[in-house]
Each structure stands twice: as C-alpha cells, then as structure tokens.
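The values are calculated or read from the model by the stated rules, or taken from the named source; none is laboratory data. This one's a predicted model, so the numbers in the text were calculated from it and none came from an experiment. All Cβ positions, glycine included, derive from the backbone under ideal geometry; neighbour counts span all protein chains shown.
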Amino acid sequence: MSLEIKLNCPSKKRALIRKKILDWYDANGRHDLPWKGKDIYKIWISEIMLQQTQVQSAVPYYKKFIDQYPDLESLFQASLNDIMKIWSGLGFYRRAENIYKTSIRIQNEFNREFPKSYDEILTLPGIGRTTASAIMTFSGNGHYSILDGNVKRFLSRFFSLEINNSNLNSLWELSQYLLSVNRPSDFIQAYMDIGSLVCKKSNPLCNKCPVKKQCSSYPYKSGSAYKSKKTKITEKNIWSLVIINNKGEFYLEKISYDNLWRGLYSSPVFHNESDLMRWSKSHKIEEFIEYDIFTFSHKLSHITFTFNAILCNIKYHKKVSLSEDNWYNLSDIDFGIPKYQDKIFNQYKSIYDYN
Ligand code: SF4
C-alpha cells in the first residue's frame, strides 16, 4: 500500500470514506449539469471549457457551443474563427484553438472518431492528466482519477499534506487510492463537488462535510499550513488605439502574436503610449489622433489590466497606410472579439452616441 499506509487510511477506512462521499454526492451533488452523460465528444468540450472557468460561467457557453456543434461531424465544418466567435467572452482563448487543432487531428489521424485510449487522448492539444482522466472516466472508458484545483485542495486538507511540487505525486496516488471502483464517474464528480461546494478555498463548510470525522485538518483553520497558495494578482497598463473612419467603421486586427487573446480581433493594443505613437506614425495616422482617452479596468483571475483607449478619428483613409480589409461596421462583426474590446465599443457608443 505504501505512502505510510496511504497516510493512515487503510482499506476499511477507505471504504467508509468512499461511501460517505458517494452518499453525500447522491443527496447534494450537481446532477443537472448539461454535459452529464457518456458522450465523449460533449465531455471533451465541457472539460476543455472547465479548465480555468467555473461551472456556472461555463454552462451558457457550453449550451451555445453544443447547439451549434452537437457532434464531431458538425465541428469538422467549423473554422477557427467560428469557434473563436462562440468562445468570445469566456477567456483563455488558447482553449478554443486547441479544440480547433484537435478537430483537425481527429480528422487526419483518428479516422474522424474521438480516440478512446488514455494515452492517445493525452496527446491531444491542451489535454493534461486530469482532463484525459475525466474524459476517460466520465465516458465510461476506465477508472482514472483526477487532480484538479478542487480535488487537490480537498485531499491536501484531508490528509494534511501541503500542496507543493514534491507532494504532487502523493496527491495523485491518494486521489486514485480513494476512487470508487464501482462508481468511478460519480466519484470524480463528487470529488469536484465537495471541493467546490464544501471544502471551499476560503471558509470551508467543515461542519457540513461528510468526512469531517476522518479529516486530519478538521476543523480547518484558514491560517493552517495546508492552505494552498494565493494567486498573486499583477497589474498591467494597456494602451489601445480606437480607430474609426468617416463611415463609422472600426479598424480591427486579428491578434496573431502569442497572448491571451490570440486569434480574436481587436483595436491595435500596445504596452505603452510611446509604442502606440510610433505605430501611429508609421501608419501615417498620427494627425488624426484626438487625445481623447477613456480608461477602464479589465480583470482576469490573475491580472488586472487598466486599458487606456485613445481615439483616432480618420476623416479620409486614402493616404493612411492601414489595410483596406480591416474596417468593420459593428453590425457586421461575426468573429470573436475579446471582452475588453466589447467594453471599448460600449464605452465608445455611450460617449459618442454611436448607432
Ligand atoms: S472537514 Fe473541512 S477541511 Fe476537512 S475535508 Fe471537510 S471541508 Fe475540507
């Protein structure tokens, strides 16, 4: 058994813990999630969406996605732009790119069927051990346990094991050790539900916890040594050039460099004002800059951006060196844009009475 008898959890105690967790899940778990079922395609889409997004935020996006692309064959017809458009607002856009890349690989390498072996799934873009395990187990293709943020926190508190790199393998081992052999799919959902609904990041509901009598950290104190690390929030300034022409069209560029919004369309953005000015000069639009600035903040889980949007009103655009193909009327936008760009449009509309 090792790991010091799985940290004082011999098989009899394990059976009791499993039962308590599953009983709690039957009574309190989230049974109505729209991706419930054994359809491996739908499970894959939901698991990719749930990477870095909470359940309640992912649900409407998932429903929209599945309405449009209910199965692999329909997804094969989608371009990267189509997927990005549905993903607009959900954030972490690399996940949308990964869905697109996976769709291509499934067509080229897997005979148009979603692979059903753990090792093959692990080779797909954006899929790590937890996602591959969840796809396999939820679709009824094996007994693979998971170790996402919720499960890590729950197990680390339960076994009094600090979350750090050297304990990661032990946490995986413990996660697999507790997994129910008869109901693996319900069990990994129960793990996630307990982690997010009971053993919460701050103020865990220890008194409502089904395994409090077995938990080594009960009652959990927020200052305890087993607290997971707080995410450090960084702050960044972004400068955005909001370029509009005399027909009321906006100049937008596809973000091609490697950042959080790659593949979406945006007003040109810069890390500082002097880069913005250099760019304006090189595109011969300097004279149209109005120096009207509106600022707003845009928060992600780990970064707070302050956007400084500078208006550039182009009266005629024959002489300027901006591509003719990048002008868009707001009503014609049928591609993905970042949430911050939505804020830019909304602010612009409210300030300048744009219809
Ligand atoms: S008793 Fe508290 S700390 Fe222990 S597993 Fe339950 S909720 Fe988490």
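Can you name the residue in region 211-222 that is near the ligand (Cβ under 8 Å from one of its atoms) and farther than 17 Å from LEU171 by Cα and, of all such residues, is surrounded by the fewest Cβ atoms within 10 Å (Cβ to Cβ)?
PRO219
Restricting attention to region 97-153, which residues are touching a residue at least 12 places away in the same chain (Cβ under 8 Å) and among the acidic types (Asp, Glu)?
Hits for region 97-153 are GLU97, GLU113, ASP148.
When you scan region 47-87, how many residues do you find that are under 14 Å from the mean Cα position of the chain (by Cα) and under 26 Å from ASP193 (Cβ atoms)?
As a first pass, look at region 47-87 and keep what is under 14 Å from the mean Cα position of the chain (by Cα): 47-62, 84, 86-87.
Those still in the list that are under 26 Å from ASP193 (Cβ atoms) too: 47-62, 87.
The total comes to 17.
Residues checked against (1) of a type in the set (Lys, Arg); (2) under 22 Å from the mean Cα position of the chain (by Cα); (3) in a helix (DSSP H, G or I):
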site: VAL151; (1), (2), (3): no, yes, yes
site: SER166; (1), (2), (3): no, no, yes
site: SER180; (1), (2), (3): no, no, no
site: ASP186; (1), (2), (3): no, no, yes
site: MET192; (1), (2), (3): no, yes, yes
site: SER196; (1), (2), (3): no, yes, yes
site: VAL211; (1), (2), (3): no, no, no
site: GLU235; (1), (2), (3): no, yes, no
site: TRP239; (1), (2), (3): no, no, no
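Output yes when any residue across region 43-51 is of a type in the set (Gly, Ala, Ser), touching a helix residue (DSSP H, G or I) at 6+ places or on another chain (Cβ under 7 Å) and assigned to a helix (DSSP H, G or I), and no when none is.
Yes, the conditions are met somewhere in region 43-51.
Does GLU113 meet the test of being more than 27 Å from LYS64 (Cα to Cα), modelled with pLDDT of 95 or more and assigned by TED's automatic domain parsing to the domain that holds LYS20?
It is false that GLU113 is more than 27 Å from LYS64 (Cα to Cα), modelled with pLDDT of 95 or more and assigned by TED's automatic domain parsing to the domain that holds LYS20.
So for region 306-314 (the condition being at positive phi and among the hydroxyl-bearing types (Ser, Thr, Tyr)), does at least one residue qualify?
No, region 306-314 has no match at all.
For region 198-209, how many residues meet the condition of being assigned to a helix (DSSP H, G or I) and more than 6 Å from the ligand (Cβ to nearest atom)?
The number of residues fulfilling the criteria is 2.
Can you name the residue in region 241-281 that is among the polar types (S, T, N, Q) and within 24 Å of the chain's Cα centre (by Cα) and, of all such residues, is surrounded by the most Cβ atoms within 10 Å (Cβ to Cβ)? Steps first, please.
Initially, region 241-281 is screened for residues among the polar types (S, T, N, Q), giving 245-246, 256, 259, 266-267, 272, 274, 280.
From the residues that got through so far, the ones that are within 24 Å of the chain's Cα centre (by Cα) too are 256, 259, 266-267.
Numbers: SER256: 8, ASN259: 13, SER266: 18, SER267: 24.
Per the criteria, the residue is SER267.
Each row is one residue, and each column tells you yes or no for (1) in contact with an Asp or Glu (Cβ under 9 Å, 6 or more places away or on another chain); (2) more than 16 Å from the ligand (Cβ to nearest atom); (3) within 20 Å of TYR218 (Cβ to Cβ).
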residue: ALA134; (1), (2), (3): yes, yes, no
residue: HIS143; (1), (2), (3): no, yes, no
residue: ILE146; (1), (2), (3): no, yes, no
residue: GLY149; (1), (2), (3): no, no, no
residue: PHE159; (1), (2), (3): no, no, yes
residue: ASN165; (1), (2), (3): no, yes, no
residue: LEU174; (1), (2), (3): no, no, yes
